[in-house]
Amino acid sequence: MALLLAGGFEDPNLIALANAAKNADVELVDLRLPASESPAFCWTPGDAPQVSGSKINAAGAFIRYDVFGGMKDPRPEVSARASAWYQIVWGWLLSDQNIRLFN
């Protein structure tokens with residue numbers, strides 16, 4: 001199973017974790033998003049969710065709210081998008097007892 005990273009694409013801490021996972025040959029589910037992106041998220045409780053049509057399977061996850069997108073682009077929709085992404089992924093992670101959260 002894989003490690004899931006979720007948050008902003010330009011988050012330096014998530015970049016460091018992604019690089020460390022790559023160096024350690026850890027399979028990575030990369031849900032770090034650019035500030036302008038809103039992928040389709042489909043989830044039925046009891047089943048693995050899908051992001052843009054691909055099922056997500058992970059054993060562990062690390063998630064951070066994207067503050068960096070809003071710092072670069074102060075439009076309200078950028079912060080709203082980051083909040084929505086964080087809340088949907090965090091809610092799913094909390095509901096899945098098989099995924100270890102590292103936050």
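Here are some conditions: (1) exposed (fewer than 15 other Cβ atoms within 10 Å of the Cβ); (2) part of a loop (DSSP other than H, G, I, E, B). MET71 meets all but one. Which one does it not meet?
Only one criterion in (1) exposed (fewer than 15 other Cβ atoms within 10 Å of the Cβ); (2) part of a loop (DSSP other than H, G, I, E, B) is unmet by MET71, namely (2).
Picking from ASP25, ASP73, which residue would you name as being more than 13 Å from the chain's Cα centre (by Cα), modelled with pLDDT of 95 or more and not aliphatic (A, V, I, L, M)? Don't jump to the end; show me each part of the working.
Working: ASP73 fails: modelled with pLDDT of 95 or more.
Being more than 13 Å from the chain's Cα centre (by Cα), modelled with pLDDT of 95 or more and not aliphatic (A, V, I, L, M) holds for just one of ASP25, ASP73, which is ASP25.
Would you confirm whether any residue within the stretch 31-51 is of a type in the set (D, E, K, R), modelled with pLDDT of 95 or more, in contact with a Leu (Cβ under 6 Å, 6 or more places away or on another chain) and open to solvent by 30 Å² or more (accessible area, probe 1.4 Å)?
Yes, the stretch 31-51 has at least one match.
Are any residues in the stretch 76-103 outside any helix (DSSP H, G or I) and either open to solvent by 30 Å² or more (accessible area, probe 1.4 Å) or modelled with pLDDT of 95 or more (or both), and if so, which ones? Even if it seems obvious, please write down each step before you answer.
Of all residues in the stretch 76-103, those outside any helix (DSSP H, G or I) come to 96-103.
Within the stretch 76-103, ASP96, GLN97, ASN98, ARG100, LEU101, PHE102, ASN103 qualify.
Condition first: in a loop (DSSP other than H, G, I, E, B) and surrounded by fewer than 11 Cβ atoms within 10 Å (Cβ to Cβ). Now tell me which residues in the stretch 1-30 satisfy that.
ALA24, ASP25
Any chance you could count how many residues in the stretch 45-59 are in contact (Cβ under 8 Å) with a residue 24 or more places away in the chain and of a type in the set (A, V, I, L, M)?
So the answer is 3.
The values are calculated or read from the model by the stated rules, or taken from the named source; none is laboratory data. These numbers come from a predicted model, not from an experiment. Heads up, the Cβs are rebuilt from the backbone with ideal geometry, glycines too, and the neighbour counts pull from every protein chain shown. Side chains are part of the model used for accessible areas, which takes the heavy atoms of the whole protein and leaves out ligands, DNA and RNA. Shrake-Rupley method; radii C 1.70, N 1.55, O 1.52, S 1.80 Å.
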